[in-house]
Amino acid sequence: MRVICCLKQVPDTTEIKIDPVKGTLIREGVPSIMNPDDKAGLEVALQLKDKYGAEVVVLSMGPMQATEIIREAFAMGADRGILLSDFKFAGADTLATSSALAGAIRKLEPYDIIIMGRQAIDGDTAQVGPETAELLDLPQVSYVKSLEYKEDGTCLVTRKVEDRSYVLRVKTPVVLTVLGEEVEPRYMSVAGILKAFREMEVEIWSADKIDVDVTTLGLKGSPTQVKQSFGKQLKAAGHTYDNVSAAEGAKLILEALIDKNLL
Amino acid sequence: MELSAYKNVYVIAETRDGKVQDVSYQLLGKGREIADKTHSSLHVILAGYNIKNAAQDLIAHGADEVIVIDSRDLQEYLTEPYVQAVYSVVEERKPNIILVGATSIGRDLAPRLSARLRTGLTADCTKLEVEEDGSLFMTRPAFGGNLMATIISPNHRPQMSTVRPGVMKKLEADSQRKGTVTNVTFQLDRPKSLVEIVKVIRKVQSSDRIEDAKILVSVGRGICQETYPLAVELAKVLNGTISGSRASVDCGTIEQARQVGQTGKTVRPNLYIALGVSGAIQHLAGMEESDFIVAINKDRYAPIFKVADVGIVGDIKQVVPALIEEIKKYKQ
């Protein structure tokens, strides 16, 4: 069994600050991490390795710096790692990213399960999983909470949405997107870390390697474009009362609620 | 691509158990505005099972045409059958704009549909603006709500967007509005439908879903076991509902379904009372659209005060009981 797990390196958004004057992101000094939902997906893949001896292949797209998360995946137990890195991939939106990933995944046939995180914490789109599935003409299950593999080549997948959960039966090959909050990823092992840096190699694939029409890749292959970005403007502040007693404070609130017809 | 061949605004309605979800009415409100500005018409694709009866109500809320795809194969949401149903209409009609609710259903269906159409999709938009020529400017938060980005699709049509629930406003129903209902038959391509439902586990629906509440009393890190009953009592006298920040979920004060913010739900009640909520940007992203915000916090520098209409720097244990008394007195 071969499981392909897609990973994205992202800035840790909890560490991001906004330049108060320019309204732009200050990215300096912000650590890059393996996207949390993707890490949960990797855990699900590694559990398939533990139980069924699956080969776990991790796949990422990005600058050479992204080899860091592939080595991290090796240290957690992944067997093979590929980084799509080429200026032709740069500036890709979700569709162009999916074109590249789908091209690489086709090169990795035969595969059984493709696992991604539900969404990345920098873009928060949750689109690359379903778009890649469509380009590969494979079924998808998104918002996956848990997975049970059956020897007959089907999976029982629990999909969790707002007001209900579904238990779904799906034939492999299939694309799954995993909910980070439902899975606790394992730590890297010491032996794994040593192996990741001493023995294992990250394969670097350029655009030529994946047999995809270059007009569907990178900025050129992206239907959407960022017109502008700006720091979030907070709503104008009202009145904050310091140095009032509890009774005075309560009265101030009551008056405001009466004034706004909220009672 | 000949852009001018693509016309009109299409909303993909979301149904669950035969009931059209509120987000679809919100999209109609925005869709109406876009259609009027671009001198075009507003259409709804209503797919599901036993949903025909909802068509008139969608017209009353702004639709010019409701395209009904009613089939037993669409009883519960499954990706492939729904994408097939919607795709068949979209391929024929060639919309300029398609709006989908950014729910777990919409965010599963829309990217699959956009990829099938080889067009762009902008996720989880909180603001949509249109030019008279029909170009759509789609604004959405990114980087955990730290940054807003405006996205365009200059050379591809349809222009597709999923829209965050609770952000757009629905129109008042007008039963005099006229519109047409078109029935479309649906033939499922079964060999392509490789996912089957084994079981559906419905969560018990509580009557107090925070996304529907008009008044929310929201608790944060500053509310502990000792003070939580005060928040519950305040909610009771206001006929409000309890919600909270991620911190209050992490420490077990409230359940995850009540979480407001980037990783929880977006709410826009008439009144939002934040008790001991510091106001991290991820939290503000989920509530700052509330009509009126009251904050009580002992930390005068808490960011929640930047969005509060009325802020009181003070101790929850003293201010909240006093407020409860004032409200009770007033209501008598």
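General observations
- Restricting segment B:203-220 to residues that are within 20 Å of the chain's Cα centre (by Cα) and open to solvent by 90 Å² or more (accessible area, probe 1.4 Å), the residue that is modelled with the highest pLDDT is B:Lys214.
- Residues in segment B:305-330 that are touching a residue at least 60 places away in the same chain (Cβ under 8 Å) and more than 7 Å from every other protein chain (Cβ to nearest Cβ): B:Ile316, B:Lys317, B:Val320, B:Pro321, B:Ile324, B:Lys328.
- Test: residue in segment B:168-185 that is within 13 Å of chain A (Cβ to nearest Cβ) and part of a loop (DSSP other than H, G, I, E, B): no
- Of the helices (runs of 4 or more DSSP H) entirely within segment A:64-183, those holding at least 1 residues that are within 14 Å of chain B (Cβ to nearest Cβ) and open to solvent by less than 40 Å² (accessible area, probe 1.4 Å) occupy A:94-106, A:128-136.
- Scanning segment A:26-59 for residues that are touching a helix residue (DSSP H, G or I) at 6+ places or on another chain (Cβ under 6 Å), of a type in the set (A, V, I, L, M, F, W, C) and farther than 15 Å from A:Arg71 by Cβ yields a count of 3.
- Filter result (open to solvent by less than 20 Å² (accessible area, probe 1.4 Å), more than 12 Å from every other protein chain (Cβ to nearest Cβ) and either within 28 Å of B:Lys170 (Cα to Cα) or outside any helix (DSSP H, G or I) (or both)) within segment B:243-273: B:Ser243, B:Gly244, B:Ser245, B:Ile254, B:Val260, B:Gly261, B:Val267
- Residue check for B:Ile223: in a loop (DSSP other than H, G, I, E, B), buried (at least 24 other Cβ atoms within 10 Å of the Cβ) and more than 8 Å from chain A (Cβ to nearest Cβ): yes
- Residue that is surrounded by the fewest Cβ atoms within 10 Å (Cβ to Cβ), among those in segment B:282-304 that are of a type in the set (Val, Ile, Thr) and facing another protein chain (nearest Cβ under 8 Å): B:Val294
- Matching residues in segment A:244-263 - criterion: being at the interface with another protein chain (Cβ under 7 Å from one of its Cβ atoms) and not in a helix (DSSP H, G or I): A:Val244, A:Lys260, A:Leu262, A:Leu263
- Flag if B:Tyr49 is surrounded by fewer than 24 Cβ atoms within 10 Å (Cβ to Cβ), hydroxyl-bearing (Ser, Thr, Tyr) and closer than 17 Å to B:Val11 by Cβ: no
- As a summary of the residue check, A:Leu42 satisfies the conditions (1) surrounded by 23 or more Cβ atoms within 10 Å (Cβ to Cβ); (2) touching a Gly at 6+ places or on another chain (Cβ under 6 Å); (3) part of a helix (DSSP H, G or I); (4) among the aliphatic types (A, V, I, L, M) except for the one numbered (2).
A quick yes/no check of all residues on (1) modelled with pLDDT of 95 or more; (2) closer than 30 Å to A:Ile105 by Cβ; (3) β-branched (Val, Ile, Thr); (4) open to solvent by 60 Å² or more (accessible area, probe 1.4 Å):
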residue	(1), (2), (3), (4)
A:Phe197	no, yes, no, yes
A:Ala237	no, no, no, yes
A:Ala247	no, no, no, no
A:Ala256	no, no, no, no
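- Qualifying residue in segment B:68-83 (condition: in contact (Cβ under 8 Å) with a residue 60 or more places away in the chain, farther than 27 Å from B:Lys199 by Cβ and not acidic (Asp, Glu)): yes
- The single condition among (1) surrounded by fewer than 22 Cβ atoms within 10 Å (Cβ to Cβ); (2) more than 22 Å from the chain's Cα centre (by Cα) that B:Gly29 does not meet is (2).
- Checklist (1) open to solvent by less than 60 Å² (accessible area, probe 1.4 Å); (2) modelled with pLDDT under 95; (3) within 7 Å of another protein chain (Cβ to nearest Cβ) applied to A:Ser229, failing item: (1)
- Enumerated helices (runs of 4 or more DSSP H) restricted to segment B:38-150, each holding at least 1 residues that are within 14 Å of chain A (Cβ to nearest Cβ): B:79-93, B:106-117
- Test for B:Leu238: is it surrounded by 12 or more Cβ atoms within 10 Å (Cβ to Cβ), at pLDDT 95 or above and either more than 24 Å from B:Gly106 (Cβ to Cβ) or not aromatic (Phe, Trp, Tyr) (or both): no
The values are calculated or read from the model by the stated rules, or taken from the named source; none is laboratory data. All figures in this text were calculated on a predicted structure; none of them were measured in a lab. In this analysis, Cβ positions are derived from the backbone assuming ideal geometry, glycine residues included, and neighbour counts consider all displayed protein chains. These area figures cover heavy atoms from the full protein model, side chains too; ligands, DNA and RNA do not enter into them. Shrake-Rupley method; radii C 1.70, N 1.55, O 1.52, S 1.80 Å.
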